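Chemist: The structure's right below; bear with me while I get my questions together.
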Amino acid sequence: MSLFNVFHISSSAMTAQSMRLNAVASNLANADSIVSSDGKPYRAKQVVFEAIPVAGGNEGARGVRVRQVVEDAAPPRLVYDPKNPAADEKGYVAFPNVNVVEEMTNMISASRSYQSNVEVMNTAKSMMMRTLQIGQ
Amino acid sequence: MHSIAADLSLLSTAIGLRAERHQVLAANVANADTPQYKARDFDFRAAMSQAMAGRGAGALSLTTTTAGHLKSAGGSSQVNLAYRSETQSAVDGNTVDMDVERGQMAENALQYDVLTRLMSDKIQGLKAALITQS
């Protein structure tokens, strides 16, 4: 039954979007973490999506998965603050390269996409319920 | 000879294709944020006439019992998928337009609804014909 594949496709997309939301939460939470576990300032993390075929689906039925989590290559934000113990010899403190505005739009986009996939799932469910009612 | 199966096969083929199309549209919505993903769809009219053409002698798909057996041509999963022409290009090479997908999906679900109702009516008619008048 190909309609069941819709559930697989949409749920894979919801999982991927929630992972994206996780990355956004991590980035926003650490927007001011000047020291992370490796001693350097925190680097923004971004997820990379990839289309994957679903089992039993046709050629066009593609789910989503997170291929990798990459660290943002942007340079750290330098703030002049000589009193800060983390400041370098010139008095600059390296802050994380998290762009808060970008992360907020990322968050809205992820939540909208999640919503759309829920709607697709609901449509598929109501279609299946209709199928069950045939002949009644 | 008019058989019940022949009566219902047109509708069931159409329902199968609608379900198939829903799957493709769901994949488009799911991959709305995937870089380099190209939105896909198929022409329902062409797919339907193709499915109807293959309905004659080779209507039933061949039973495959080992991996070496060949699949029969035709059948609902043999649709010619095409790529949707993009209206606005995205930086990441993605061609999914959410408005188009949502619209197509609503249309597809409605058509599916219509087909299930037609099928219900057909079955109701057959039932009525089967009831013996006393």
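Chemist: Is it the case that B:Met52 is modelled with pLDDT of 85 or more and either within 26 Å of B:Leu8 (Cβ to Cβ) or more than 21 Å from the chain's Cα centre (by Cα) (or both)?
Modeler: Answer is no for this residue.
Chemist: I would also like to ask the following. Being over 9 Å from the mean Cα position of the chain (by Cα), of a type outside the set (Lys, Arg) and not in a loop (DSSP other than H, G, I, E, B) is the filter here; which residues of segment B:24-49 pass it?
Modeler: Within segment B:24-49, B:Val24, B:Leu25, B:Ala26, B:Ala27, B:Asn28, B:Val29, B:Ala30, B:Asp41, B:Ala46, B:Ser49 qualify.
Chemist: Have a look at A:Asp72, A:Asp88 and point out the one that is free of Cβ contacts under 8 Å to residues at least 60 places away in the same chain and exposed (fewer than 13 other Cβ atoms within 10 Å of the Cβ).
Modeler: That would be A:Asp88, the only listed residue that is free of Cβ contacts under 8 Å to residues at least 60 places away in the same chain and exposed (fewer than 13 other Cβ atoms within 10 Å of the Cβ).
Chemist: Whether any residue in segment A:39-49 is part of a helix (DSSP H, G or I), under 19 Å from the mean Cα position of the chain (by Cα) and among the charged types (D, E, K, R) is what I want to check.
Modeler: no
Chemist: Yes or no: segment A:48-59 includes at least one residue that is more than 14 Å from chain B (Cβ to nearest Cβ) and either under 24 Å from B:Gly93 (Cα atoms) or β-branched (Val, Ile, Thr) (or both).
Modeler: The answer is no, given that none of the residues of segment A:48-59 is more than 14 Å from chain B (Cβ to nearest Cβ) and either under 24 Å from B:Gly93 (Cα atoms) or β-branched (Val, Ile, Thr) (or both).
Chemist: Quick check on segment A:86-136: of everything there that is among the basic types (Lys, Arg) and within 14 Å of chain B (Cβ to nearest Cβ), which residue is farthest from B:Leu110 (Cα to Cα)?
Modeler: Among them, the one singled out is A:Arg112.
Chemist: Within segment B:34-49, track down each residue that is within 14 Å of another protein chain (Cβ to nearest Cβ) and either surrounded by fewer than 21 Cβ atoms within 10 Å (Cβ to Cβ) or of a type outside the set (Ser, Thr, Tyr) (or both).
Modeler: Within segment B:34-49, B:Pro35, B:Gln36, B:Lys38, B:Ala39, B:Arg40, B:Asp41, B:Phe42, B:Asp43, B:Phe44, B:Ala47 meet the criteria.
To keep it simple, each residue is scored yes or no on (1) assigned to a loop (DSSP other than H, G, I, E, B); (2) without any contact (Cβ under 8 Å) to a residue 40 or more places away in the chain; (3) buried (at least 19 other Cβ atoms within 10 Å of the Cβ); (4) within 24 Å of the chain's Cα centre (by Cα).
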residue	(1), (2), (3), (4)
A:Val93	no, no, yes, no
A:Glu102	no, yes, no, yes
A:Thr105	no, yes, no, yes
A:Ile108	no, yes, no, yes
A:Arg112	no, yes, no, yes
A:Ser116	no, yes, yes, yes
A:Val120	no, no, yes, yes
A:Met127	no, no, yes, no
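Chemist: Next up: Report, by residue number, each residue of segment B:97-126 that is within 10 Å of another protein chain (Cβ to nearest Cβ) and either over 21 Å from A:Met129 (Cβ atoms) or in a loop (DSSP other than H, G, I, E, B) (or both).
Modeler: Once the filter is applied, which keeps residues that are within 10 Å of another protein chain (Cβ to nearest Cβ) and either over 21 Å from A:Met129 (Cβ atoms) or in a loop (DSSP other than H, G, I, E, B) (or both), segment B:97-126 yields B:Met98, B:Glu101, B:Leu126.
Chemist: If I ask for residues that are surrounded by fewer than 20 Cβ atoms within 10 Å (Cβ to Cβ) and without any contact (Cβ under 8 Å) to a residue 60 or more places away in the chain, which ones from segment B:1-30 would you list?
Modeler: B:Met1, B:His2, B:Ser3, B:Ala5, B:Ala6, B:Ser9, B:Leu10 - these are the residues of segment B:1-30 that are surrounded by fewer than 20 Cβ atoms within 10 Å (Cβ to Cβ) and without any contact (Cβ under 8 Å) to a residue 60 or more places away in the chain.
Chemist: Another one. Using the structure shown, decide if A:Gly63 is at pLDDT 90 or above, surrounded by 12 or more Cβ atoms within 10 Å (Cβ to Cβ), of a type in the set (Gly, Ala, Ser) and on the phi > 0 side of the Ramachandran plot.
Modeler: In short, no.
The values are calculated or read from the model by the stated rules, or taken from the named source; none is laboratory data. Computed from a predicted model, the values in this text were never measured in an experiment. All Cβ positions, glycine included, derive from the backbone under ideal geometry; neighbour counts span all protein chains shown.
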